[in-house]
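A.B. asks: Quick one: this structure, given as structure tokens, is what I'll be asking you about.
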Amino acid sequence: MTLRIIIFLVALPALLMADVYSQTSHKRDIVKKKKPAPHILYGTASYYADKFNGRKTANDEIFSQKKMTAACNVLPMGTWIKVTNLKNKKSVIVRTNDRLHPRMKRIVDLSRMAAQQLGYIGSGLARVKVEVLGKKKPTV
């Protein structure tokens, strides 16, 4: 009986270590998949203040109010999107090249040129639909 206890006590650490190693190697084999960006988003759009004109964006481009660009926190940089003003059904195609402030609840921040074409310069904000077009520049 005591011999069995001694063998058990000697073998126990080896069994526990084998279990730990099998769990860690299993965890290494699990690959976390990136969650794909949604294809259609709804939310509020704003537009850049003039003070950002000429400053660098998050991807090191120089921001211009005259370009058709956008800032977005939920889509990858360089994604082409179609933004539609839900009030008047006007839409524009822009490329994401910047990020919003992390606490910003808006879905997209557009250049002044894009906001003008959507017709919400006077109000400053608009409810919009954002459709993801992809990384390649869409042909119009």
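The values are calculated or read from the model by the stated rules, or taken from the named source; none is laboratory data. Note that the structure is a prediction, hence the values are computed from the model and not measured. No Cβ is skipped: glycine too gets one built from the backbone with ideal geometry, and neighbour counts run over all protein chains shown.
Every residue, every condition in (1) crowded, with 16+ Cβ neighbours inside 10 Å; (2) more than 19 Å from the chain's Cα centre (by Cα), yes or no:
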{"position": "T44", "(1), (2)": "no, no"}
{"position": "K66", "(1), (2)": "no, yes"}
{"position": "C72", "(1), (2)": "yes, no"}
{"position": "N85", "(1), (2)": "yes, yes"}
{"position": "V92", "(1), (2)": "yes, yes"}
{"position": "D98", "(1), (2)": "yes, no"}
{"position": "G119", "(1), (2)": "no, yes"}
{"position": "V130", "(1), (2)": "yes, no"}
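A.B. asks: Given the criteria surrounded by 16 or more Cβ atoms within 10 Å (Cβ to Cβ), without any contact (Cβ under 8 Å) to a residue 24 or more places away in the chain and at negative phi, does F52 qualify? Spell out the reasoning first.
C.D. replies: Working: surrounded by 16 or more Cβ atoms within 10 Å (Cβ to Cβ): yes; without any contact (Cβ under 8 Å) to a residue 24 or more places away in the chain: yes; at negative phi: yes.
Criteria met by F52.
A.B. asks: Further question on the same structure: Under 6 Å between Cβ atoms, which residue pairs at least 6 apart in sequence (or on different chains) link something in region 72-95 that is more than 17 Å from R127 (Cβ to Cβ) with a partner that is among the basic types (K, R) and in a strand (DSSP E or B)?
C.D. replies: W80/R95; I93/K82
A.B. asks: Go through (1) at pLDDT below 95; (2) of a type in the set (A, V, I, L, M); (3) surrounded by 15 or more Cβ atoms within 10 Å (Cβ to Cβ) for V140 and report which single condition fails.
C.D. replies: (3)
A.B. asks: Would you check which residues across region 100-117 are touching a residue at least 60 places away in the same chain (Cβ under 8 Å), surrounded by 11 or more Cβ atoms within 10 Å (Cβ to Cβ) and under 19 Å from the mean Cα position of the chain (by Cα) and list them?
C.D. replies: Within region 100-117, R106, I107, V108, D109, L110, S111 meet the criteria.
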